[in-house]
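One structure is given here, and the rest of the page talks about it.
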Amino acid sequence: MTREQLDGITLPKHIGIIMDGNGRWATKRGLERSEGHKAGAEVFRKICDYAADIGIECMTFYAFSTENWRRPPKEVAAIMKIFRSFLKEAKDREKENEARGLQFHLIGERQGLPADIVKNIDTLEKDSADKKVMQVNLAINYGGRDEIVHSVRKIAEKVKKGELNPADISEDTVSSFLFTAGQPDPDLIIRPSGEYRLSNFMIWQSAYSEFWFDDILWPDFTTDDLDRAILDYCSRHRRFGGV
Ligand code: IPE
Ligand code: IPE
Ligand code: MG
């Protein structure tokens, strides 16, 4: 995006991306699906850096859903390996990420993920907690329904302890116990790969999100595609139920 283009628009504060199409990208090339996930991880890095550079405040990357455990164990293991190498690389690139002001945050259930991955994500979160330029949500073992259940449990605990009156439960109460507590709802949700669904991504937070779908497969996604999605978003008229 050029300086001029950027000056003329109000950027979405929060963009969610459903990084889909890795498997098909690999199959089309006669490669193992895991090669598609590797290529997708590279694109994630590029898009993440670019989003921070143009001034997006928050990005959420959907990397692994609560339903993706249904995949063959070999594929799941390959994806976990990619998370491990990303976490190792994040450590190696700490200075660069710091300079960019990236603050990492896991949104998803820690329970169920391999312990070493959780430990390294915890470290990444802690080490980047004071960075302010862009929040990067890594949606791993994430499911929107699971997240709402998680919130409802916390609310029920408060009610049980007598700390909360059921009549005082509001939309803000529910939001405050989601993994995204305190963050703006996604203004724009991008899904490549030609699928027109959310697949359990941010189902609470997306109530008034704008959607951008495209046939491009995630490993082919470039910064120009992100620009296209953002410029398209900027041309829309959001009404939030008003006129
Ligand atoms: C998205 O790509 C990555 C994950 C869900 C982990 P896919 O692996 O779903 O790719 P397709 O949809 O099969 O092409
Ligand atoms: C959604 O993609 C999850 C991620 C991109 C991480 P899927 O490929 O799992 O979604 P479905 O199964 O096509 O709905
Ligand atoms: Mg898919």
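The values are calculated or read from the model by the stated rules, or taken from the named source; none is laboratory data. Bear in mind that the values here come from a model prediction, so they are computed numbers and not experimental data. When we count neighbours, we look across all protein chains shown, and the Cβ atoms used for this are built from the backbone with ideal geometry, even at glycine. Surface areas here come from the heavy atoms of the whole protein model, side chains and all, with no ligands, DNA or RNA. Shrake-Rupley method; radii C 1.70, N 1.55, O 1.52, S 1.80 Å.
Table for the structure above
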| read-out | value |
| --- | --- |
| Over region 97-225: Rg over Rh, Cα atoms, Kirkwood Rh | 1.01 |
| Environment charge of THR2, counting only residues whose C-beta is closer than 13 Å and scoring Lys/Arg +1, Asp/Glu -1 | -4 |
| Whole-Hz couplings from phi, Karplus 6.51/-1.76/1.60, listed for region 68-78; x for Gly and Pro | 5, 5, 6, 6, x, x, 5, 5, 4, 4, 5 |
| Nitroxide proxy distance, nm - points 7 Å out along Cα→Cβ at MET80 and ALA115 | 1.3 |
| Computed helical MRE - 222 nm, the chain, DSSP H runs ≥ 4 contributing -39500 (n - 2.57), nearest 500 | -14000 deg cm²/dmol |
| Over region 1-120: Rg over Rh, Cα atoms, Kirkwood Rh | 0.99 |
| Estimated distance in nm for a label pair at ALA99 and VAL243, the labels positioned 7 Å out from Cα along Cα-to-Cβ | 5.3 |
| Unit charges at the beta carbon, dipole of the chain: most positive-side option, LEU113, HIS14, ILE148 | LEU113 |
| Listed residue pairs exceeding 18 Å between alpha carbons, taken from LYS74/LYS119; LYS91/LYS126; LYS13/LYS131 | LYS74/LYS119 |
| Contact order relative to length of the chain, as percent, for alpha carbon pairs under 8 angstrom and 6 or more apart | 28 |
| Normalised alpha carbon radius of gyration of the chain [divisor 2.2 N^0.38 Å] | 1.03 |
| Charge sum, other residues only, whose C-beta stays under 12 Å from HIS14's C-beta, Lys/Arg counted +1 and Asp/Glu -1 | -3 |
| Probe 1.4 Å, protein heavy atoms only - accessible area per residue of the chain in square angstrom | 52 |
| Förster radius 41 Å - calculated FRET efficiency between LEU231 and ARG197, Cβ distance, rounded to 0.05 | 0.95 |
| Sulfur and carbon atoms: percent of accessible area, the chain [1.4 Å] | 52 |
| For SER235, net neighbour charge (Lys/Arg +1, Asp/Glu -1) across residues whose Cβ lies under 14 Å away | -1 |
| For region 24-32, 3J(HN,Hα) per residue [Karplus equation, 6.51 cos²θ - 1.76 cosθ + 1.60, θ = phi - 60°, Hz, x = Gly/Pro] | 5, 4, 5, 4, 4, 9, x, 9, 5 |
| Cα-Cα P(r), region 186-243, percent of pairs per 5 Å interval | 4, 16, 27, 24, 19, 7, 2, 1 |
